[in-house]
Each structure stands twice: as structure tokens, then as C-alpha cells.
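The values are calculated or read from the model by the stated rules, or taken from the named source; none is laboratory data. A quick note: this is a predicted structure, and the numbers were derived from the prediction, not measured. Virtual Cβ from ideal backbone geometry, glycine too; neighbours counted across all protein chains shown.
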Ligand code: TYC
């Protein structure tokens, strides 16, 4: 420390910059039309879940209206969400994915 002990107040200390980035949840929304099997496939392909995990999350979304697929930095969360929405549109399903601040 430079300049003796100021209790960390009077002088500026050089703190290690190890701040964690803000995180975002990628959330899947329920709807009445997207086939359950299609949702399971999305969770396997875009979120690297096995069939058991994917089925559990799909059923959580189906039952509770929404569910968290994963938690990522902003860029990755936005990319995953956009990829899911594009893939659903490409297959004419109304499935929606969004992101929400997590911390
Ligand atoms: N509710 C849909 C059905 O009964 C299944 C579904 C699950 C749709 C999750 C969207 O994010 C979703 N076919």
C-alpha cells in the first residue's frame, strides 16, 4: 500500500479488478401450440441438456407458464434467446424465449 495506512479511505488504493459481469436468465414462455417434443429438442440443442433435464424444464414451463433454461452473460443470453426465437419461427411455432436480469 502506498502512503501508509489511511484505513482505505483518504487515499485511493489499487484494488484488484475482479468484478463479475451482470448475469441474465434465458426464460422460455409457455404457449398452447408448440409441441412438447419441439421444446425438448430446443433445450437439448441450444442449452446442451440431456433428454431427462430437457423434459423436466419443458414440463416446468408447461405447468408454470415460464422456466429458466440457463443463466449467462448478456451477450450470450441475447444470442441464445434470438437463436431460439428464430428456430421456432423457422418451424412455424409460436414459442417465445426472453431474457431477464438475474443479479
Ligand atoms: N404447452 C405446450 C403444449 O401443451 C408445450 C409447451 C411447453 C410449449 C413449453 C411451450 O415453452 C413451452 N403442447
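Annotations for the structure displayed:
- Residue check, residue 66 free of Cβ contacts under 8 Å to residues at least 12 places away in the same chain and either touching a helix residue (DSSP H, G or I) at 6+ places or on another chain (Cβ under 9 Å) or over 13 Å from residue 97 (Cβ atoms) (or both): no
- Within the range 1-30, no residue that is part of a strand (DSSP E or B) sits with its Cβ atom under 8 Å from a residue that is at pLDDT below 95 and surrounded by 12 or more Cβ atoms within 10 Å (Cβ to Cβ) at 6+ positions apart or across chains.
- Residue in the range 4-21 that is modelled with pLDDT of 95 or more and either more than 25 Å from residue 103 (Cβ to Cβ) or touching a helix residue (DSSP H, G or I) at 6+ places or on another chain (Cβ under 9 Å) (or both) present: no
- Taking the range 85-102 as the range and being more than 16 Å from residue 33 (Cα to Cα) and touching a strand residue (DSSP E or B) at 6+ places or on another chain (Cβ under 7 Å) as the test, the residues that pass are 98, 99, 100, 101, 102.
- Taking (1) within 16 Å of the ligand (Cβ to nearest atom); (2) exposed (fewer than 11 other Cβ atoms within 10 Å of the Cβ) in turn, residue 94 satisfies each apart from (2).
- Number of residues in the range 34-53 that are part of a loop (DSSP other than H, G, I, E, B), within 16 Å of residue 87 (Cα to Cα) and more than 12 Å from the ligand (Cβ to nearest atom) equals 1.
- Lone unmet requirement of (1) more than 8 Å from the ligand (Cβ to nearest atom); (2) more than 17 Å from residue 91 (Cβ to Cβ); (3) out of contact with any strand residue (DSSP E or B) (no Cβ under 8 Å at 6 or more places or on another chain) for residue 70: (3)
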